[in-house]
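Trainee: Following this message is one structure expressed as structure tokens.
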Amino acid sequence: MDFQALLDQLNKFDPLYFVAVACLLIAIAIFRMAGKISRKIEKLLKEMERASDNITVADESRKREATLHVVRRFESDPEVRNAVRHIWDKTKAQNGTDYTLLDQDDRFQVISFLNYLDGVAVGLKQAVLDATVAREYLQHVVHKSVLGLLLGQSGDSWTAGPSLVEPDKFENLILLQKRWAVEEVHPLFRMIGHGVT
């Protein structure tokens, strides 16, 4: 069959037939591409979800590490350790802790220690620290320090005196103590021997 005969044969068909066949082929191609694009979008969404989960896990891990670092400062930071030791040495009594023994000469050490705890409170408020880890380590310390040193309220194991600092300067710390006081937890770690337990 020669080329001219093929052209003559094709000329006998209605041109709308060719348009219909072309439209059908285009529609099939579009449906196939749409299916591939849909699968690619699903795959991309799953990858984005996995990436988001990884970011969340990394963020939580970073928060825990930052919190543990802050908690360790209680033991490792010379300023905090010296302030706690000074308060402990000055207030240890036969029946617990006697904060009435503190006077204006001890104000710097009290402020240093409360500043440390206030920094934890601010970190928790800004959600850069892990609240669960911080609470397990510091709930008892925050409770006793806020009531005994800041608000002048005595407790089971301590006698409070007048506050050496203005409580309104430590609003975040007071709010943290109130929030944590709602439910007592059994901390994993107590600051034994540092005058705060």
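The values are calculated or read from the model by the stated rules, or taken from the named source; none is laboratory data. Bear in mind that the values here come from a model prediction, so they are computed numbers and not experimental data. Virtual Cβ from ideal backbone geometry, glycine too; neighbours counted across all protein chains shown.
Trainee: Does Q109 fit the bill of being loosely packed, with under 10 Cβ neighbours inside 10 Å and either of a type outside the set (A, V, I, L, M, F, W, C) or over 20 Å from E136 (Cα atoms) (or both)?
Mentor: Against the criterion (loosely packed, with under 10 Cβ neighbours inside 10 Å and either of a type outside the set (A, V, I, L, M, F, W, C) or over 20 Å from E136 (Cα atoms) (or both)), Q109 does not qualify.
Trainee: To continue, here is another question. Can you give me the number of residues within segment 106-122 that are among the polar types (S, T, N, Q) and either over 28 Å from D59 (Cα atoms) or not in a helix (DSSP H, G or I) (or both)?
Mentor: So the answer is 2.
Trainee: Would you call V165 surrounded by fewer than 16 Cβ atoms within 10 Å (Cβ to Cβ) and in contact (Cβ under 8 Å) with a residue 40 or more places away in the chain?
Mentor: Criteria met by V165.
Trainee: Taking into account only those residues within segment 96-105 that are out of contact with any helix residue (DSSP H, G or I) (no Cβ under 6 Å at 6 or more places or on another chain) and in a helix (DSSP H, G or I), which is nearest to T159 (Cα to Cα)?
Mentor: T100
Matching residues to (1) surrounded by fewer than 11 Cβ atoms within 10 Å (Cβ to Cβ); (2) among the hydroxyl-bearing types (S, T, Y); (3) more than 47 Å from the chain's Cα centre (by Cα):
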| position | (1), (2), (3) |
| --- | --- |
| D14 | yes, no, yes |
| F31 | yes, no, no |
| I55 | yes, no, no |
| R85 | no, no, no |
| W88 | no, no, no |
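Okay, residues lined up against (1) in contact with a Lys or Arg (Cβ under 7 Å, 6 or more places away or on another chain); (2) modelled with pLDDT of 95 or more; (3) of a type in the set (A, V, I, L, M):
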| residue | (1), (2), (3) |
| --- | --- |
| L129 | yes, no, yes |
| A134 | no, no, yes |
| Y137 | no, no, no |
| S145 | no, no, no |
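Trainee: Here is a further query. Which residues, counting only those in segment 22-67, are closer than 30 Å to L117 by Cα and at pLDDT 80 or above?
Mentor: Correct list: E60, S61, R62, K63, R64, E65, A66, T67.
Trainee: Any idea which of (1) surrounded by 15 or more Cβ atoms within 10 Å (Cβ to Cβ); (2) polar (S, T, N, Q); (3) under 26 Å from T132 (Cα atoms); (4) more than 12 Å from the chain's Cα centre (by Cα) is the one T67 doesn't satisfy?
Mentor: Of (1) surrounded by 15 or more Cβ atoms within 10 Å (Cβ to Cβ); (2) polar (S, T, N, Q); (3) under 26 Å from T132 (Cα atoms); (4) more than 12 Å from the chain's Cα centre (by Cα), only one is false for T67: (4).
Trainee: Now, a different point. Which condition breaks for D8 when tested against (1) of a type outside the set (K, R); (2) closer than 30 Å to D118 by Cβ; (3) at pLDDT below 85?
Mentor: Here D8 meets the rest and fails (2).
Trainee: Got a number for residues in segment 123-132 being surrounded by 19 or more Cβ atoms within 10 Å (Cβ to Cβ) and part of a helix (DSSP H, G or I)?
Mentor: Just the residues of segment 123-132 that are surrounded by 19 or more Cβ atoms within 10 Å (Cβ to Cβ), to begin with: 123-124, 129-130.
Keeping just the survivors that are part of a helix (DSSP H, G or I) gives 123-124.
Final tally of qualifying residues: 2.
Trainee: Can I ask one more? Give all pairs with beta carbons closer than 9 Å in which a residue from segment 132-155 that is at positive phi meets a residue that is in a loop (DSSP other than H, G, I, E, B) and surrounded by fewer than 23 Cβ atoms within 10 Å (Cβ to Cβ); count only pairs at least 6 apart in sequence or on separate chains.
Mentor: Filtered contacts from segment 132-155: G152/A160; G152/G161; G152/P162; G152/S163.
Trainee: Give, as residue ranges, the helices (runs of 4 or more DSSP H) completely inside segment 1-95 that count at least 2 residues that are of a type in the set (K, R).
Mentor: 15-76, 78-91
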